[in-house]
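Here is the structure we will look at, set down as structure tokens.
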Amino acid sequence: MASWKSCIGLWTVCVGLCLLGKISGLDNGLALTPPMGWLAWERFRCNTDCKNDPDNCISDRLFRTMTDILVSEGYAAVGYEYVNVDDCWPERERDPRGRLVPDRERFPYGMKSLADYVHSKGLKFGIYEDYGNFTCAGYPGVVGHLAGDAATFASWGVDYVKLDGCYALPADMDQGYPDFGRHLNSTGRQMVYSCSWPVYQIYAGIQPNFSSIIEHCNLWRNFDDIQDSWASVESIIDYYGNHQDVIVPNAGPGHWNDPDMLIIGNFGLSYEQSKTQFAIWAILAAPLLMSVDLRTIRPEYKAILQNRKIIEVDQDPLGIQGRRIYKHRGIEIWSRPILPIQGQYYSYAVAFVNRRTDGTPSDVAVTLRELGLNNPAGYRVEDLYEDVDYGVLSPQTKIKVKVNPSGVVILRADAQPSYAYNSIPTRTPYAPLNDVFRLSKK
């Protein structure tokens, strides 16, 4: 683990760039907070057998059903707004004019009809394609049809486009992904642009040009597809922690790192592990794209996905991605600067994660000052899962949390106002030496 002094230096770069506007994202005015919605892929994959499995196949029926549930069961009310089709939606061949055609049996009314239905419920519609000759499942890709496919999506009323990278040369992506983004923008319709550009280049041993990625994409993938297992979630958490020096500075309003879908409510995560995924995704300022059968999800998992206070952390307008600032003997602490700001002091969300599997909860005790929370006026501290308000605590206060195996405790610490700081005409510039998490290994 890096020393606390090196952590301070990294925060200087990350937070300074984000707050001073040194990194500017795709200027389409979209995704100023991480996108939220529902995505078919992880739960329903490429099930096209509507004859034998009509309730679960990739079809018009499935997406209309999920649209209805997003509204009727309160998901839309807490911010989930996109209904996203993934792979396996088109016919295997384009039409004689080179246009993409939705599968005529599974989407008999066409994509515009489906998009119109989603819009009629106050939601937004997303679709999938691939910068390659084929999609990952072997359906037509966009290569050779960039302008035409962008125009088709606009004519259907698409609001969000995910562009995968199978059957493509990673070296060509530096030109191809920006080209398709320009075609999307030239349609005049605002569409969130989700790219898989960097992950394919990383796998190919190519260093991604993140300055260009930020310029042309609203969000992007850096690592493996998520699978329905705790091991998969852990691998993503580890990747984002181990590579945070490169990853964190790229995130901000309009341009986000995407650690992939939420698998909460499926088969592979326990209740504690589900809480951990949701908390860490919020610390990471990650898109919150559920991939779960909303018809059968159990109430306790639904409650995790609809936790307004953790969603508020994820959607914090500052858009600063959090970091892992402590890792020792299976205990990790992750932190994220959030609003409100009082003088030179930020508020924070803090997640204590227990990666141990020894069967008993672990106690973690630390003062706010040891965590770098130095606001003399103190912090109002709240447990976001247990809904416990601990009141205003001073920097000298020691807090103790009990974290279940593979579980999490996530706290919000809101900096309190001070007359001394409020009297200063202009806010003191952010000084990480005064306001960063610091914790010894003791």
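The values are calculated or read from the model by the stated rules, or taken from the named source; none is laboratory data. Note that this is a predicted model, so its numbers are computed, not measured. All Cβ positions, even for glycine, are placed from backbone atoms using ideal geometry, and neighbour counts span all protein chains on display. Please note that ligands, DNA and RNA were not included when accessible areas were found on the heavy atoms of the full protein model with its side chains. Shrake-Rupley method; radii C 1.70, N 1.55, O 1.52, S 1.80 Å.
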Scan the range 326-341 and report the pairs whose first residue is among the polar types (S, T, N, Q) and whose second residue is buried (at least 17 other Cβ atoms within 10 Å of the Cβ) and not in a strand (DSSP E or B), with Cβ atoms within less than 9 Å and a gap of 6+ or a chain change.
S335/I283; S335/G322; S335/L371; S335/G372; S335/V436; S335/F437
Is one or more of the residues making up the range 253-269 open to solvent by 40 Å² or more (accessible area, probe 1.4 Å) and assigned to a helix (DSSP H, G or I)?
no
Of all residues making up the range 311-335, the number that are more than 21 Å from V78 (Cα to Cα) and of a type in the set (D, E, K, R)
5
Selection status of L26, at pLDDT 95 or above and not aromatic (F, W, Y)
no
Among (1) closer than 30 Å to Y117 by Cβ; (2) buried (at least 21 other Cβ atoms within 10 Å of the Cβ), the one test that R182 misses:
(2)
Condition first: open to solvent by 20 Å² or more (accessible area, probe 1.4 Å) and not in a loop (DSSP other than H, G, I, E, B). Now tell me which residues in the range 22-45 satisfy that.
W41, R43
Result of the Cβ filter at 9 Å on the range 296-310, keeping first residues that are open to solvent by less than 60 Å² (accessible area, probe 1.4 Å) and partners that are in a loop (DSSP other than H, G, I, E, B) and among the acidic types (D, E), at least 6 apart or interchain, is I297/E73; K302/E73; Q306/E73
Regarding the range 46-61, can at least one residue be identified that is within 19 Å of the chain's Cα centre (by Cα), assigned to a loop (DSSP other than H, G, I, E, B) and either over 21 Å from I304 (Cβ atoms) or not assigned by the TED database to the domain that holds A251 (or both)?
no
Looking only at the range 195-216, how many residues end up being surrounded by 15 or more Cβ atoms within 10 Å (Cβ to Cβ) and among the hydroxyl-bearing types (S, T, Y)?
3
Does V158 satisfy the criteria of being in a loop (DSSP other than H, G, I, E, B), touching a strand residue (DSSP E or B) at 6+ places or on another chain (Cβ under 6 Å) and within 20 Å of Q175 (Cα to Cα)?
no
So, in the range 324-341, exactly how many residues are among the charged types (D, E, K, R) and open to solvent by less than 20 Å² (accessible area, probe 1.4 Å)?
2
Return the only residue of Y160, Y167 being aromatic (F, W, Y) and surrounded by fewer than 18 Cβ atoms within 10 Å (Cβ to Cβ).
Y167
Being among the hydroxyl-bearing types (S, T, Y) and assigned to a helix (DSSP H, G or I) is the filter; apply it to the range 167-212 and report the residue that is farthest from E81 (Cα to Cα).
Y203
Only one of (1) of a type outside the set (A, V, I, L, M, F, W, C); (2) buried (at least 24 other Cβ atoms within 10 Å of the Cβ); (3) free of Cβ contacts under 8 Å to residues at least 24 places away in the same chain fails for S274. Which number is that?
(3)
Tell me, please, whether a residue that is assigned by the TED database to the domain that holds M66, of a type in the set (F, W, Y), under 30 Å from Q201 (Cα atoms) and part of a loop (DSSP other than H, G, I, E, B) can be found in the range 101-119.
no
If I filter the range 325-333 for residues that are among the aliphatic types (A, V, I, L, M) and modelled with pLDDT of 95 or more, do I get at least one hit?
yes
Taking the range 124-153, which residues are open to solvent by less than 10 Å² (accessible area, probe 1.4 Å) and either farther than 21 Å from C166 by Cβ or not assigned by the TED database to the domain that holds E91 (or both)?
F125
Restricting to the range 120-140, count the residues that are assigned to a loop (DSSP other than H, G, I, E, B) and within 25 Å of L30 (Cα to Cα).
4
Please tell me if T367 is among the hydroxyl-bearing types (S, T, Y), touching a Pro at 6+ places or on another chain (Cβ under 6 Å) and touching a residue at least 24 places away in the same chain (Cβ under 8 Å).
no
